[in-house]
Amino acid sequence: MTEGFTVFAGAALFVLMLPALYRVAVGPTSFDRLVAVNVIGTKTAVLLVVIGTLFGRLDMFVDFALAYALLNFVASLAVARYLNRTRSTPERKPAKRRTPRKKKAKAS
Amino acid sequence: MTGLALFNLFILVFMVVAAVISLRLKDLLTASVVFGIYSFLMCLLWAEMGAVDVAFTEAAVGAGVSAVFLVATVFNVKRKSSD
Amino acid sequence: MSMDVADSFVGGFSFDFGFLAEASAKTTHAGLSALDVCGMVMVSVGLVFFLGAAVGLYRFPDFYTRMHAAGKGDTLSSLLILLGFGLITLDDFSMVGWLLVVKLLAIVLFIMLTSPTSTHALMRAGYEDGVEPVTKGSSSKNTKKEVES
């Protein structure tokens, strides 16, 4: 009985990850995609525990899920930290305008 | 269709979707972040097939190191992809 | 030699959970002990919360609201689901089972600590990058037009 329930919980987790994937595919700004990656990361750790219970050897998978949560945290922090750095480095020249700026019509 | 085969199907579908998204993205930084998802799911696939140590290495390399390296290189080259 | 020291210590630790095991054994009729039932209830409640987070992630109009939904929703659901599975696997009350639950609690504590931090880091990066929130009047250009129609 619990084994069937575990499969149901795992399948429900996968189905509920679809909106996160949708947000990764469509998210207008790159930050929405980062949020979705963060959600998927934590959910993967939970899914590892689900797979562990399915396999019946949860004691092996628990350490693994813990390390996984750590890695996900490090990865999303590094990206968030790097995203910050692009704006703060002053030496990035603004991109050269390809089309020359139209002269504004002088107010008569 | 045992439980694990169902998980297998889900993970493989998600991996294909993540790979396609990662290829189509214009902004290289988010492409490398979505690549992180791909290696997350790859590691989940290894774990689901029972090879735990391989999954562990993939997680450590994929999510931990290579995603961060990709992000670091994106900041030394132009961020918008030219194609 | 050190192994039996640990054993003696555990042995010395005279409080064993035998009586709990018998209690839970009595209540298992279709292989469902009381612990499994409340573990399942916890996991399903966690799934409901994650449903809320997923819907929030999908429907909210702008970055900050999605971040809010994602950050709050998935932390709580991870907590509930992990604790639910801890209860489900604790059915034989052996020492290994308790060690497992302690490790699961470590994961829960870790997620409780790191998820807000990473959400905050992302929020700050987004804010400094100039992502402006959707106010009542304005239709923020970085969300799709279908929000208005």
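Laboratory data are not the source of any read-out in this text; all were calculated from the coordinates shown. Keep in mind that what you see is a predicted model, and the values were worked out from it rather than measured. Don't worry about glycine lacking a Cβ; one is built from the backbone with ideal geometry, like all the others, and counts go over all protein chains shown.
Along its first, second and third principal axes, ordered by size, the range B:25-78 spans 40, 18, 8 Å in Cα coordinates. Each residue in C:Phe60, B:Phe40 was given a count of other beta-carbon atoms within 10 angstrom of its own, and listing them fewest first yields C:Phe60, B:Phe40. Dividing the C-alpha radius of gyration of the range C:33-125 by 2.2 N^0.38 Å, with N its residue count, gives 1.25. As a proxy for reagent exposure, ranking C:Val45, A:Val62 by other Cβ atoms within 10 Å from fewest up yields C:Val45, A:Val62. With a Förster radius of 25 Å applied to the C-beta separation of A:Asp59 and B:Leu6, the computed FRET efficiency comes to 0.55. Remark: C-alpha extents of the range A:25-73 on the principal axes read 41, 19, 8 Å, sorted largest to smallest. Going from the fewest other Cβ atoms within 10 Å to the most, the residues B:Phe69, B:Phe10 appear in the order B:Phe69, B:Phe10. Taking Lys and Arg as +1 and Asp and Glu as -1, the other residues whose beta-carbon sits under 12 Å from that of B:Thr2 total -2. Using the Cβ-Cβ distance between B:Val65 and A:Lys102 with R0 = 56 Å, the FRET efficiency computed as 1/(1 + (r/R0)^6) comes to roughly 0.70.
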